[in-house]
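Note sheet for the following structure.
The values are calculated or read from the model by the stated rules, or taken from the named source; none is laboratory data. Bear in mind that the values here come from a model prediction, so they are computed numbers and not experimental data. Heads up, the Cβs are rebuilt from the backbone with ideal geometry, glycines too, and the neighbour counts pull from every protein chain shown.
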Amino acid sequence: MNETDTKRDTSTSDRRAHKKPVRIEDVARLAGVSPITVSRTLNQPETVAEPTRKAVELAIERLGYISNRLAGGLRATQTRTVGLIIPSLFSNIFAVSVRGMTDVFSQAGYQLLLGVTDESFDVELNHVVSFLGQRVDGIILTGGWHDKRTRLRLQQSGVPVVETNILPSDPIDMAVGYSNEEASYAMVKHLAHCGYRRIGIVTFPVLSNDRAHDRRAGYLRAVRDFDLVQRDTLIAETSYTLAGGALGFAAIVASNPDVEAIFLTQDTAAAGAIFEAMRRGLRVPGDIGIAGYDDADIALEFVPTLTTVNTRRYEVGATAAQMLLQRIQGEELVSTIADSGFEIVQRDSTHRPSN
């Protein structure tokens, strides 16, 4: 995993004071060259001597300089655009949040620019640099894990930033979401109260995904607290897809024929698990319980309907947009972190809790 920046050396009030953007003259001064040489390094690097080019590149890195791709003095103060960076397009879990954002932004006359990372820190950094170069008025990120270079670029830019779907302990600027660890813990607690003792979990790969990491942590804590069966083979990683859910389900069942319930931390993956159970002739919940996460529309269309975690995705998106607009318009926020909460939704794919 790329190194993340987990330390802060400024207070909350100081760190988000709107800074003046780093200018090309600042880079030139630090590198000991002329602004024209900096411009040539950016636009025609092959015409600049290697030692000079390296000095300019080092100064750019240290200052977090972003080249303005728009026409210099002709641009308006605001572009009325916002950059949105999400991990994937393979799941509908982000579509509802994006709808919440667009409903708010469209009313205010703003447009969203979209970047997809595929859970890559380097790709996220490229999107951030590109958006800042286009002088977006704000940026919305998914999660709280980022490369330290990404954090530096955003901190130096002074552009308002909202991190979503998580409550980071050290946000770049603002955040709206919920505790993924507590939501996962609550679901496992619910399954324990339904009478299940051997509970498996299927998550996304945790290497670069803090939401997956926290959901696994919540599962492990609940297993200990409720004295459930602990086995490494009750934990599997998969993709966001139907096929991924089926594979995760199959892996756990193969190693644990006695497993009683499986918690898949995304509803599409849970759908794949239900289909795989059907292919094996297993009754849900008669032979095995299955629970999901996110309460997508599809959760109500299964037979049986899916027990899941409602993470209020539309509200997360709408709130993120509202917070960003307030900051863009120069308003002070009462709080820079908004907890949208979550809710366990009991349906037919698991047994009912015992009284």
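Side notes on the structure shown:
- Residue in the range 192-199 that is at pLDDT 95 or above, outside the structural domain of L324 (by TED's automatic domain parsing) and in a helix (DSSP H, G or I) present: yes
- Among residues of the range 92-110 being of a type in the set (G, A, S) and under 17 Å from the mean Cα position of the chain (by Cα), the one that is surrounded by the most Cβ atoms within 10 Å (Cβ to Cβ) is S97.
- Against the conditions (1) under 18 Å from I290 (Cα atoms); (2) at pLDDT 95 or above; (3) within 20 Å of the chain's Cα centre (by Cα), H213 satisfies every one except (1).
- Any hit, the range 246-266, residues being in contact with a Cys (Cβ under 8 Å, 6 or more places away or on another chain) and either within 16 Å of T203 (Cβ to Cβ) or not in a loop (DSSP other than H, G, I, E, B) (or both): yes
- Residue that is nearest to the chain's Cα centre (by Cα) [pool: residues in the range 306-337 that are surrounded by fewer than 22 Cβ atoms within 10 Å (Cβ to Cβ) and of a type in the set (G, A, S)]: A318
- Reported count of residues in the range 128-151, each being part of a helix (DSSP H, G or I) and either buried (at least 22 other Cβ atoms within 10 Å of the Cβ) or under 14 Å from the mean Cα position of the chain (by Cα) (or both), is 4.
- Single condition S120 does not satisfy, out of (1) hydroxyl-bearing (S, T, Y); (2) out of contact with any helix residue (DSSP H, G or I) (no Cβ under 6 Å at 6 or more places or on another chain); (3) crowded, with 18+ Cβ neighbours inside 10 Å: (3)
- Filter result (under 25 Å from H213 (Cβ atoms) and either outside the structural domain of A217 (by TED's automatic domain parsing) or touching a residue at least 40 places away in the same chain (Cβ under 8 Å) (or both)) within the range 271-280: A273
- Restricting L154, L207 to residues that are in a helix (DSSP H, G or I) and not charged (D, E, K, R) narrows the list to L154.
- The sole residue among L220, L191, L167 that is free of Cβ contacts under 8 Å to residues at least 24 places away in the same chain and within 30 Å of P353 (Cα to Cα) is L220.
- Filter result for the condition that a residue is surrounded by fewer than 24 Cβ atoms within 10 Å (Cβ to Cβ), of a type outside the set (D, E), free of Cβ contacts under 8 Å to residues at least 40 places away in the same chain and not in a helix (DSSP H, G or I), over L113, L125: L113
- Restricting the range 309-355 to residues that are in contact (Cβ under 8 Å) with a residue 60 or more places away in the chain and touching an Asp or Glu at 6+ places or on another chain (Cβ under 6 Å), the residue that is nearest to A175 (Cα to Cα): S340
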